[in-house]
Amino acid sequence: MKNKLVLIFTILSFTIVCAQQQTETKQEPQGQDKPLNFVIIFADDLGYGDLSSYGHPTIHTQNLDQMAAEGQKWTNFYVGASVCTPSRAALLTGRLPIRNGMTSSVNRVLHPDSHNGLPQDEITLAEQLKKAGYTTASIGKWHLGHKEEYLPTNQGFDYYFGIPYSNDMDNIIPFRSSQGYIDFWKSEEKKNINTFNVPLIRNTEIVERPANQNTLTKRYNEEAVQFIRQNKDKPFFLYLAHNLPHVPLFASKDFLATSKRGLYGDVVEEIDHGVGQILAALKKNGLDENTIVVFTSDNGPWLIMNEEGGSAGLLREGKGSTWEGGMREPCIFWGPGRIQPGLVTQIGTTMDLFTTFSKLANVPVPDDRKIDGIDLGQTLFEKKPSKRKEVFYYRGDELYAVRLGAFKAHFITEGAYGPPAREEHDPPLLYNLEVDPSEKYNVAKSHPDIIKQIKALVKSHNSGLVKGEDQLKDRG
Ligand code: MG
């Protein structure tokens, strides 16, 4: 009897040990004890070709290049729209802006006299992470509503420091025509910070007006480092959205006239310097192996600004356009020991950050609404293919183009700001982006099957689409 009991006890103990071992081997690489911190660094109007690691010959972005060497460099990463407001709404809600009214046929972005902002019933990534006890900060450009009820502190962020919209707004010089606006950028006034009467806000109070834009990037970087230091003992989400290199361009005196690329290069290199400061702060506080940092930009370069605008590299067109230069961005993920280093040519979008980071923080993705983001975890941590195969390119509230796998169909084309005029295409223009990333060679004639597939995708997208009420149209 005693021997039998010993045998049963031995078998039971063995089974328990095996079960424990199985659970241990099932752990995801990201599922370690401490919650992960998240840092999103979002540039404004930086193009696909503006970093040295993405091919720029004279802009020297040593910190971003190092981040790319240690992490993942994505070459098919997209934003949710080709201009500021809808692109930021997409990033923070994981939804196409058409669903929450943050894109419009009347106004392309919010303005200082706009009435509305991101609707309160939208769930931001900050609100998601608050559910898991994260401390959250938004530093920099907001552009999702400047009235108090729309400011970051009412959208899931514990702290806000920044300009609530673009740095060229509140311009004290009136323009009678769009040509006047272009002429202005050749003038001396653009060099004066007092020309742009933009407010700098801390939480909900204006603390400086006009904001001293000469030191803006420097101060945003310092605020970011301070936030990391102050929150080193608890999980945090830092959303650092620079106002630059959107025109007007300003840099602090340490960076002025230092880049071969001129003022635009000075500005990008100061942003890059801040990336270095942030990564150093994470290392110094022992957080580097417990933090995911991602760097990207809200939309492509503002090409009508000539030398003051950036470069989309080999991609066609820029900001405001549904050609690749408008919506494909440099994107670097960094997380030593977690992110599998290398080049990623899979497709991803800013909306996917909402889903990916929610999953990593063990917060369920909302199931009462359509979320367009997908989890990129298996690509980031295991270098497996991304589940994303589709990209929808909206301009305002109209779908202009769709990417499916390697192919992109343009149903409508139009100049970003001015000619060429809007033109509808049936059959659509078709480009193989893997072979022809510059969208030069229309291959529609040889691929009627692909066009059929993309048209079916558009049909199913439209059948499930509930358009949000336009939040951008009311002004004045
Ligand atoms: Mg922008």
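Computed from the coordinates by the stated procedures, all read-outs in this text should not be read as laboratory data. Predicted model only: the values in this text are computed from it and were never measured. Methodologically, a virtual Cβ is constructed for each residue, glycine included, from the backbone with ideal geometry; neighbour enumeration extends over all protein chains shown.
Here is how the numbers come out for the structure above:
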{"quantity": "Gap separating the Cα centres of the range 189-239 and the range 113-176, nearest whole Å", "calculated": "13"}
{"quantity": "The range 392-463 - percent relative contact order, Cα under 8 Å, separation 6 or more", "calculated": "23"}
{"quantity": "Nitroxide proxy distance, nm - points 7 Å out along Cα→Cβ at SER446 and LEU343", "calculated": "2.3"}
{"quantity": "Gain on full stretching of the segment that runs from ASP113 to LEU465 - 0.36 nm per residue minus C-alpha separation", "calculated": "123.8 nm"}
{"quantity": "Degrees between helix 263-284 axis and first principal axis of the chain (Cα, 0 to 90, nearest 10)", "calculated": "20"}
{"quantity": "Virtual spin-label span in nm between ASP474 and LYS384, 7 Å along Cα→Cβ", "calculated": "4.7"}
{"quantity": "Additional length obtainable on full extension of the chain from GLU424 to THR204, 0.36 nm per residue less Cα span", "calculated": "74.8 nm"}
{"quantity": "Residue range of the chain that is longest and free of GluC sites (Glu not before Pro) which are both DSSP loop and sparsely packed (at most 16 other C-beta within 10 Å)", "calculated": "189-433"}
{"quantity": "Neighbour net charge for THR58 - beta-carbon separation under 13 angstrom, K R +1, D E -1", "calculated": "-2"}
{"quantity": "Taking the chain and dividing mean pair separation by its residue count, relative contact order in percent (alpha carbons under 8 Å, at least six apart)", "calculated": "25"}
{"quantity": "Sorted by Cβ density within 10 Å, fewest first, the residues SER114, SER321", "calculated": "SER114, SER321"}
{"quantity": "Gain on full stretching of the segment that runs from LYS234 to THR58 - 0.36 nm per residue minus C-alpha separation", "calculated": "59.4 nm"}
{"quantity": "Inter-probe distance in nm under a simple model that places probes 7 Å from Cα toward Cβ, at SER438 and LYS283", "calculated": "3.8"}
{"quantity": "Separation of alpha-carbon centers, the range 380-437 and the range 306-339, rounded to whole Å", "calculated": "15"}
{"quantity": "DSSP-loop trypsin sites (Lys or Arg not before Pro) across the range 238-281, with at most 14 other Cβ within 10 angstrom", "calculated": "LYS253, LYS260"}
{"quantity": "Cα-based shape type of the range 37-384, given that a ≥ b ≥ c are square roots of the gyration tensor eigenvalues and the cut on a/c is 1.5", "calculated": "rounded"}
{"quantity": "Trypsin sites (Lys or Arg not before Pro) lying in DSSP loop within the range 148-244, provided at most 13 other Cβ fall within 10 Å", "calculated": "ARG176, LYS186"}
